[in-house]
């Protein structure tokens, strides 16, 4: 039987990894074979799960293997942790992604799932696959499990603040959209993490028609457990909450939600009265000081001349420098992708790119 797949979404920093990790541990204590799949470029979903260890990412391993014309194997990217008082090991994968400013994280998610499917992810002998997904990025790559129905079920994680609820509402609406074009992922409901008792998230859930699956109160002891890479479910109150949720999931006693989600005007009115009037436009006159000409843009033709100058500089680059520069600047390739295309290591690709940029700067200021 194929594994049950659940995608857990929420705003960055709201406690998705905390929730996913403790749910993974709970399933493992219930004798289930669990895989936790971190789907965030920060690649820190499984850090607590593995006692503070940072796992090699699929993105990095793929880049290194591809540079040597080698295939990625299961042993390269899937890791297990055996915990003394647990009856089952827990498995973990980090998809990873490009370094900050060096590529598209969503493309990394898409290519990561492509690799995992080729390795037979959904045919492995597992009971549960929990996917820990960043929810406040609108890039389509982060909607992969919804768009391709790779997750049977979806759980939203929020707290009582407006931004995290807004993110949950966006994911709800995205899932609804994909269902209109053939998607089959079911929204189980939402988890309120760091619950302060204000009831704001519950008010949203009622308005949107979403189940509240669990409320986890803010707990300093739970935070301390997480900070030292241990499981918060070791605290009886927290453990009981996660055990009930895991039991409800396994027994199929949760009726999936079918909410439409709230449009922006309805959503924002949950937090107070909002005027329906249009915003007042600014005028050019008020944005310029007295005596300043209104039209002070770049003289006609100056931008074109700059472009022509840059094109001339690029044409004068050595072929190697020109190739790596165009791959990076014109085609938007990351250093990892450039390394793959040029059949070299990523550090070598970065060195070539730096040399190309230096040469281009020198030419630009000479002309």
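Readers should treat all values here as calculations from the given coordinates under stated rules, not as data from a laboratory. Computed from a predicted model, the values in this text were never measured in an experiment. Virtual Cβ from ideal backbone geometry, glycine too; neighbours counted across all protein chains shown.
Subtract the Cα-Cα distance of residue 124 and residue 229 from 0.36 nm times their separation in residues, and report this length gain in nm to one decimal. Walk me through the intermediate numbers first.
On the way: separation 105, 0.36 × 105 = 37.80 nm, distance 2.72 nm.
Going from the current span to full extension adds 35.1 nm.
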Legend entry - Rg and Dmax of the range 1-136, Cα atoms only, in Å: 14.3, 42
Inset, instruction - Using only alpha carbon pairs under 8 Å that are at least six residues apart, calculate the relative contact order of the chain and give it in whole percent. - result: 19
Legend entry - Length added when fully stretched, residue 282-residue 243, from 0.36 nm per residue minus Cα-Cα: 8.5 nm
Legend entry - Over the range 4-271: Kirkwood hydrodynamic radius from C-alpha pairwise inverse distances, Å: 18.7
Legend entry - Radius of gyration and maximum dimension Dmax of the range 60-100, Cα, Å: 13.8, 41
Legend entry - Folded to 0 to 90 degrees: helix 346-366 orientation relative to the chain principal axis, Cα: 30
Legend entry - Most to least packed among 58-65, 188-195, 78-85 [average Cβ atoms within 10 Å]: 188-195, 58-65, 78-85
Inset, instruction - Using label points projected 7 Å from each Cα along Cα→Cβ, tell me how many nm separate residue 42 and residue 351, to one decimal. - result: 3.4
Inset, instruction - Within 10 Å of each residue's Cβ, count the other Cβ atoms and sort 30, 220, 214 from fewest upward. - result: 220, 30, 214
Inset, instruction - Taking the chain as the reference, fit the longest principal axis to its C-alpha atoms, fit the long axis of helix 162-180 to the helix C-alpha atoms, and give the angle between the two in degrees, 0 to 90, nearest 10. - result: 90
Legend entry - Highest-fluctuation residue, 247, 21, 47 considered, GNM on the chain with Cα pairs under 10 Å: 247
Legend entry - Cα long-axis angle, helix 236-250 against the chain (0 to 90 degrees, to the nearest 10): 90
